[in-house]
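Shown next, in structure tokens, is the structure this report addresses.
The values are calculated or read from the model by the stated rules, or taken from the named source; none is laboratory data. As the structure is a computational prediction, the values presented were derived from the model and not from experiment. Positions of Cβ are backbone-derived with ideal geometry, glycine not excepted, and every protein chain shown enters the neighbour counts. The area values use the complete protein model at the heavy-atom level, side chains included, leaving out ligands, DNA and RNA. Shrake-Rupley method; radii C 1.70, N 1.55, O 1.52, S 1.80 Å.
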Amino acid sequence: TPLDLIRNFSIIAHIDHGKSTLADRLIQACGALTAREMTNQVLDNMDIERERGITIKAQTVRLTYPAKDGKMYVLNLMDTPGHVDFAYEVSRSLAACEGSLLVVDASQGVEAQTLANVYQAIDANHEIVPILNKIDLPAAEPERVKAQIEEVIGIDAEDAVEISAKTGINIEGVLEAIVTRLPPPTGDADKPLKAMLVDSWYDAYLGVIILVRIKEGRLKKGARIRMMSSGATHLVDQVGVFSPRMVPVDDLGPGEMGYINAAIKTVADCNVGDTITDDRKPAAEALPGFKPSIPVVWCGLFPINADDFEKLRDSLSKLRLNDASFHYEAETSAALGFGFRCGFLGLLHLEIIQERLSREFDLDLIATAPSVVYHLKMNSGETEDLHNPADMPDPSLIESIEEPWIKATIMVPDEYLGAVLTLCTERRGIQADLTYVGNRAMAVYRLPLNEVVFDFYDRLKSLTRGYASFDYQMDGYEESDLVRISILVNQEPVDALAFIAHRSAAESRGRAICARLKELIPRQLFKIAIQAAIGSRVIARETIGALSKDVTAKCYGGDISRKRKLLDKQKEGKKRMRQFGKVEIPQSAFLAALKMD
Ligand code: GDP
Ligand code: MG
């Protein structure tokens, strides 16, 4: 296809503003699928994505559109992951296109993720066409939202396309805008091959599939390709496009998007953002901007039923086939037994993996509190990364600790602003900016990630009745006064409950956990001390009193069903007891203690 007849674009939007609905409409309007083939939202193809309305893996669709100018265009629609955890993948997807449709719900207006995404599109030098969606709703205020887009984002919204993706109003207007307002790609077919690796996934029949955008040169079936980051080479078995089904083609030229299949064993060998070149005629340098994705949030995952350990290992390795950004290694805990320490791109990523393990692999798991990655500077001069509080070396060996910070953008209706500012301050936030757009406030804060992985998002949602929107990006490391708090039961540390916090928050958090454990650990025949400590210094303490021999005695006769319940509960608890000194504690107590809410 000649370059001037190609348009590569992505759709960016805040969650629920209608990105997937619009994508489906475009696919339908271009006749790529019959109505019967249009299952619910073609592009969001994982169950969890569909239920939560988020896009996790980038997908692409090639459409053909006969425009009003009489020419037939090839439109490559690149779906981008819509969540901050996948910010790096978003930036790579955007780098594969020349333009973006910015979808804004005309009844809601600009939200935090709208901004985060649009700034990324601007960074990628995209031409941006604003689309006002949901104009069928009585609450739609297209004029107000246009003014808001101009004021907040600073792009011209006068010619915004007003549509309803749901009822199909003005989909033609979107297609014409793509053709007339977005630029065609550029690139030289005679230069050495430079293709960007946009995404990869594991297909049960074909093995690893790689999604590519050709920048220069041609990618042919039978060629030997080379990954420029690692130097690894592979023979290309198949080249094709998504229409949206996989259709083989002979080759892909500059400006085109498609897939290759090259007998690669694991997606871990396919780094998003890497440059693919021809082994026989390699490009001199790689495309700019490549960085491997690194997990920023870690937690332990343990099977509730110890017999499930092998099954967990097997399931994790299967998930990893499709998601190279997720990491795991075996871990042993005195409190929770055998499990894995797992690394994720963010909290949502963590939740998604956990949910897939329980849903697709039928595993009951317990997760320890999420922890960020700390940089330790040791007295010896060495530096270490710490992602498990239980592994913290003796503080006397550590010269300093650095923690990761983020820059968060929070948009919230006026009346909830006070509560949001208080929350940010409590979490050691530093205000960087505060502006108003109509009656919505936009607060920009720098915050330690450590304080955000600890239930920040849930608190934000509940304080603002769900009206706040939130987005963040990583913003470097800074030295901080951090301590490891251990939780001890009768002087024995419970590894799974150890956590790292700022010194100022250590006492209140330690106290909260002790109080909680006091509720959860059944009384025994002797006293049990529960303590929170920094090193050898105890900062909080609770005592569980001793129990008289007859447990049921405290029920004072009367209620027989309550007695039975108590006995049953004891029996259940016995199933998995953990020994702490002379104290036997049912594992269920730890599980409950970890379920902080
Ligand atoms: P995404 O999260 O941006 O992909 O949003 P979806 O496409 O999943 O849409 C979110 C919700 O908005 C769904 O319930 C859609 O049916 C609804 N929706 C999308 N477009 C329109 C529209 O034009 N009008 C109305 N009334 N609802 C819409
Ligand atoms: Mg969607």
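Things to note:
- Filter result for N388 (in contact with a Ser or Thr (Cβ under 8 Å, 6 or more places away or on another chain) and either in contact (Cβ under 8 Å) with a residue 12 or more places away in the chain or among the charged types (D, E, K, R) (or both)): yes
- With a requirement of 2 or more residues that are among the β-branched types (V, I, T), the strands (runs of 3 or more DSSP E) lying completely within the range 254-329 that satisfy it span 275-278.
- Pick from the range 270-291, criterion open to solvent by 80 Å² or more (accessible area, probe 1.4 Å) and not basic (K, R), ranking: nearest to the chain's Cα centre (by Cα): P288
- Being part of a helix (DSSP H, G or I), in contact with a helix residue (DSSP H, G or I) (Cβ under 9 Å, 6 or more places away or on another chain) and open to solvent by 30 Å² or more (accessible area, probe 1.4 Å) is a property that holds for R359.
- Number of positions in the range 428-444 that are within 24 Å of F499 (Cα to Cα) and open to solvent by 20 Å² or more (accessible area, probe 1.4 Å): 2
- Pairs, first among the charged types (D, E, K, R) in the range 273-296, second assigned to a loop (DSSP other than H, G, I, E, B) and open to solvent by less than 40 Å² (accessible area, probe 1.4 Å), C-beta under 6 Å, six or more apart: D278/L193; D278/A223
- Any hit, the range 15-30, residues being within 10 Å of ligand 1 (Cβ to nearest atom), among the hydrophobic types (A, V, I, L, M, F, W, C), open to solvent by less than 20 Å² (accessible area, probe 1.4 Å) and modelled with pLDDT of 55 or more: yes
- Applying the set (1) within 16 Å of ligand 2 (Cβ to nearest atom); (2) assigned to a loop (DSSP other than H, G, I, E, B); (3) surrounded by 18 or more Cβ atoms within 10 Å (Cβ to Cβ) to N117 leaves exactly one unmet item: (2).
- Residues within the range 480-501 that are in a helix (DSSP H, G or I) and surrounded by fewer than 22 Cβ atoms within 10 Å (Cβ to Cβ), tallied: 1
- Subset of the range 141-160 [open to solvent by less than 20 Å² (accessible area, probe 1.4 Å) and not in a helix (DSSP H, G or I)]: A157, A160
- Check on V412, assigned to a helix (DSSP H, G or I) and open to solvent by less than 50 Å² (accessible area, probe 1.4 Å): no
- Conditions (1) open to solvent by 30 Å² or more (accessible area, probe 1.4 Å); (2) within 30 Å of D274 (Cα to Cα); (3) within 16 Å of ligand 1 (Cβ to nearest atom); number of the one not met by K134: (2)
- Those residues of the range 204-245 which are in a strand (DSSP E or B), touching a residue at least 40 places away in the same chain (Cβ under 8 Å) and farther than 19 Å from I6 by Cα, in sequence order: G207, V208, I209, I210, R224, I225, R226, M227, T233
- Only one of the numbered conditions (1) polar (S, T, N, Q); (2) outside any strand (DSSP E or B); (3) under 30 Å from T114 (Cβ atoms) is violated by S504, and that is (3).
- Summed over the range 87-114, the residues that are assigned to a helix (DSSP H, G or I), within 16 Å of ligand 2 (Cβ to nearest atom) and open to solvent by less than 10 Å² (accessible area, probe 1.4 Å) give a count of 3.
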